[in-house]
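The values are calculated or read from the model by the stated rules, or taken from the named source; none is laboratory data. None of these values were measured; they are calculated from a predicted model. In this analysis, Cβ positions are derived from the backbone assuming ideal geometry, glycine residues included, and neighbour counts consider all displayed protein chains.
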Amino acid sequence: MKKNTKFCIGLCLISFLAFSSNLRFAWEFLKNPTQVGAMFECSELVAHELMSFARQNNGPRTFFEVGAGMGSVTKIICRKYLRKDDRLDVVEISPEYCVHLKKLFPRNKYPNVYIHCVDVLKFNSLIKYDYIICTLPFNAFPNGLVKGLQDKLISLSHSGTYMSYVEYMALSYLRRSFTQSKIKAQQLADHKKLVDDFKNRYLIKTEKVYKNLPPIYVHQLVF
């Protein structure tokens, strides 16, 4: 078999696997939109941007990831950023995703990675984390859930905790486009204020990542 043919087959296989992963993720979103929140997994570039602040500390570090899904960001954390003396707690509400995550990160190979299959609002921990990574897009959830998530993440932090989270670029615009009543418009305005007030209170910087489906903002905060 010629080298070019092997290369094309390999490229097609990689593309198929990536498509299958995103297709499965989209299916879970359609079944449980209020739990999953995202239709597609975050790209590798988004994962690196979410973790860009992790170089701030040289000592043992504690990481908390919420909304891991099928582990696209978790893989990058474990392969590129997590050290032997660090700890990573991963919270995922979907039982199907949790089974997949535990297969990807078995305790015998990843002794400092802990997978928790639980609603983050019900997650209890004595640890105050140094870094919080959230791939649950606030602008995809109702106001009550957003406020609960914000309060929960703050409760898991200490003074100086870094947090990064994602926001879809086009979602707010699309929601405005489909808003027809004054009540819905007011709800959208209240939602935007809730998200913006939290972000602006702690924001360090925002980066745009266009190589993602859909394009995304990565917001970096410090508490």
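Some points to look at:
- Within the range 57-77, the set of residues being touching a helix residue (DSSP H, G or I) at 6+ places or on another chain (Cβ under 9 Å), under 13 Å from Asn112 (Cα atoms) and of a type outside the set (Ser, Thr, Tyr) comprises Arg61, Phe63, Phe64, Ile77.
- Test: residue in the range 107-122 that is under 25 Å from Val218 (Cα atoms), in a loop (DSSP other than H, G, I, E, B) and within 16 Å of the chain's Cα centre (by Cα): yes
- Conditions (1) at pLDDT below 95; (2) of a type outside the set (Phe, Trp, Tyr); (3) over 22 Å from Leu50 (Cβ atoms); (4) in a loop (DSSP other than H, G, I, E, B): number failed by Lys84: (3)
- For the range 49-77, filtered to residues that are farther than 24 Å from Lys102 by Cβ and assigned to a helix (DSSP H, G or I), the residue that is nearest to the chain's Cα centre (by Cα) is Glu49.
- Residue in the range 26-39 that is surrounded by fewer than 17 Cβ atoms within 10 Å (Cβ to Cβ), at pLDDT below 95 and not in a helix (DSSP H, G or I) present: yes
- Of residues in the range 154-185 being hydroxyl-bearing (Ser, Thr, Tyr), closer than 26 Å to Gly71 by Cα and in a strand (DSSP E or B), the one modelled with the lowest pLDDT: Tyr168
- Residues in the range 143-163 that are polar (S, T, N, Q) and over 16 Å from the mean Cα position of the chain (by Cα) were compared, and the one that is surrounded by the fewest Cβ atoms within 10 Å (Cβ to Cβ) is Ser159.
- Scanning the range 67-85 for residues being out of contact with any Asp or Glu (no Cβ under 8 Å at 6 or more places or on another chain), closer than 22 Å to Leu126 by Cβ and either buried (at least 20 other Cβ atoms within 10 Å of the Cβ) or in contact (Cβ under 8 Å) with a residue 40 or more places away in the chain (or both) gives a total of 1.
- Residues of the range 123-153 satisfying the condition of being farther than 28 Å from Met169 by Cα and either touching a helix residue (DSSP H, G or I) at 6+ places or on another chain (Cβ under 8 Å) or in a helix (DSSP H, G or I) (or both): Phe123
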